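S.K.: Before anything else, here's the structure in question.
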Amino acid sequence: VSKDSASTLSTMKSATEDLEDSASKLVRGTMFTKVSKTDESGKTTSGYDTDKIYDAVKAFADDYNKVIKAADGVNTSSIKKSAINMINYTEKNASALSAIGITIGSDYRLSIDEEKFKSADMNKVKSLFHGSGSYANNIKSQASMIGYKTGNETSRSNTYTKAGSYSSTYSAGSMLDSFF
């Protein structure tokens, strides 16, 4: 039987899926394509859309923080260990993250200084968040592993009821449940 409730596991699974999604958008996204900008005087320059990049990184940080928060309530050691691995990897990148305005709090959660981030070298941001060898891609992989372990634990939480029928954490509907 699982060490965690269905609700706890569902929250963890949802958080990891959100993090995988926001990390994928950064890793494969087009926000790191340079765009032409025209200022008030009519001068056109080429550069990154810092607002779009900030929004994507902010979503990633928010989703990362949801995983950390959800992991606080988990009792399953394999899920906890995977979350700790993700935290450790983030701490190894603390100086690179700090250089672009992202800090790690004492609660292991990320926070972004919008002004510092938007004035940072976007090539450094790109190297951390875009492409297969990036920090974001590694976090995406770790979130995927946490999600996988959460799924395994969810299957362990299926038990028999006191009436002798099979009780599943995730109900497929009363008629379909009778087949399980």
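The values are calculated or read from the model by the stated rules, or taken from the named source; none is laboratory data. Worth saying up front: this structure is predicted, and the values here are computed from it rather than measured. So basically every Cβ, Gly included, is an ideal-geometry build from the backbone, and we count neighbours across all protein chains shown. Heads up: the accessible areas ignore ligands, DNA and RNA and are worked out on the full protein's heavy atoms, side chains in. Shrake-Rupley method; radii C 1.70, N 1.55, O 1.52, S 1.80 Å.
S.K.: Testing Ser132 on (1) assigned to a loop (DSSP other than H, G, I, E, B); (2) modelled with pLDDT of 95 or more, one condition comes back false. Which one is that?
M.R.: That leaves (2) as the condition not met.
S.K.: Can you tell me which of (1) in contact with an Asp or Glu (Cβ under 6 Å, 6 or more places away or on another chain); (2) modelled with pLDDT of 95 or more is the one Ala59 doesn't meet?
M.R.: Evaluating Ala59 over (1) in contact with an Asp or Glu (Cβ under 6 Å, 6 or more places away or on another chain); (2) modelled with pLDDT of 95 or more leaves (1) as the failure.
S.K.: How do the pairs read when you match residues in the stretch 1-21 that are within 10 Å of Thr154 (Cα to Cα) with residues anywhere that are open to solvent by 40 Å² or more (accessible area, probe 1.4 Å) and not in a loop (DSSP other than H, G, I, E, B), using Cβ under 6 Å and keeping only pairs 6 or more apart or on different chains?
M.R.: Val1/Thr159; Ser2/Arg156
S.K.: Ok, one more. Which of the residues that make up the stretch 42-91 are over 17 Å from the mean Cα position of the chain (by Cα) and charged (D, E, K, R)?
M.R.: Listed by number, the residues that qualify are Lys43, Asp49, Asp51, Lys52.
S.K.: Report, by residue number, each residue of the stretch 139-168 that is polar (S, T, N, Q), at pLDDT 95 or above and buried (at least 18 other Cβ atoms within 10 Å of the Cβ).
M.R.: Selection gives Gln142 alone.
S.K.: Where the second residue is open to solvent by less than 70 Å² (accessible area, probe 1.4 Å) and among the charged types (D, E, K, R) and the first is closer than 16 Å to Asp121 by Cα and lies in the stretch 41-56, which pairs have Cβ atoms under 7 Å and are six or more apart or on separate chains?
M.R.: Between residues of the stretch 41-56 that are closer than 16 Å to Asp121 by Cα and residues that are open to solvent by less than 70 Å² (accessible area, probe 1.4 Å) and among the charged types (D, E, K, R), the close pairs are Thr50/Lys118; Tyr54/Lys118.
S.K.: May I pose another question? Does Gly73 count as open to solvent by 20 Å² or more (accessible area, probe 1.4 Å), more than 30 Å from Gly151 (Cβ to Cβ) and not aliphatic (A, V, I, L, M)?
M.R.: Here the answer is no, as Gly73 does not meet what is asked.
S.K.: Pull out all pairs, ordered by first then second residue, where Cβ-Cβ is under 8 Å, the residues are six or more apart or on different chains, the first lies in the stretch 101-121 and is at negative phi and among the aromatic types (Phe, Trp, Tyr), and the second is open to solvent by less than 70 Å² (accessible area, probe 1.4 Å) and in a loop (DSSP other than H, G, I, E, B).
M.R.: Going by the 8 Å Cβ cut-off, the qualifying pairs are Phe117/Ile100; Phe117/Gly101.
S.K.: Right, another one. Restricting to the stretch 77-115, name every residue that is touching a strand residue (DSSP E or B) at 6+ places or on another chain (Cβ under 9 Å), farther than 18 Å from Ala23 by Cβ and surrounded by 14 or more Cβ atoms within 10 Å (Cβ to Cβ).
M.R.: Passing the criteria: Gly101, Asp113.
S.K.: Here's something else I'd like to know. Provide a single number: the residues in the stretch 3-49 that are within 30 Å of Ser77 (Cα to Cα), surrounded by fewer than 20 Cβ atoms within 10 Å (Cβ to Cβ) and of a type in the set (A, V, I, L, M).
M.R.: 1
S.K.: Moving on. Let me spell it out: the conditions are (1) at pLDDT 95 or above; (2) closer than 18 Å to Lys25 by Cα; (3) of a type in the set (D, E, K, R), and Asp49 meets all of them except one. Which number is the exception?
M.R.: It fails just one condition, (1).
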